[in-house]
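Notes follow once the structure below has been shown.
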Amino acid sequence: MFRIALIGAAVTLFAATASAQDIALGEKSFAKCRACHQVGETAKNAVGPVLNGIFGRKAGTIPGFKYSDANQKSGVVWDPAFFATYIKDPKAAMPGNKMAFPGIKNDTEIANLTAFLAQFDASGKKP
């Protein structure tokens, strides 16, 4: 009985580890975003707004960035689920926005990118 419980625990641990997000891979994926967006303590608005503290933030609210009306009026509060939908196809997820990006279609890559972005608070610091 103990042996079966031990095997079950090992399988559960392996499954959790295999499905965990990889922040380092998320940082590599962010290279696709870096042409327009910045993160970190020295981040500034560029072609796109700063992405520090994105999760929990209302869309269209970074000071000094000129958002589309669609973004400002969307009522979206960024969370990982909407971000995953948005990053797959920004134009379909928020019609009328200015983001010219073909999207990231791979769910694992999106999860990794989400984990990378989630480390930055609104000031760009990593807790």
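Computed quantities for the displayed model
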| quantity | calculated |
| --- | --- |
| Violating pairs (Cα-Cα greater than 21 angstrom) within the set K32/K91; K44/K98; K66/K125; K44/K125; K28/K125 | K66/K125 |
| Whole-Hz ³J(HN,Hα) from phi, Karplus 6.51 cos²θ - 1.76 cosθ + 1.60, for the range 88-103, glycine and proline x | 6, 7, x, 5, 6, 6, 9, x, x, 6, 8, 6, 9, 8, x, x |
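All of the numbers you see were taken from the coordinates with simple rules; none came from a lab. Please read all numbers here as calculations on a predicted model, not as lab measurements.
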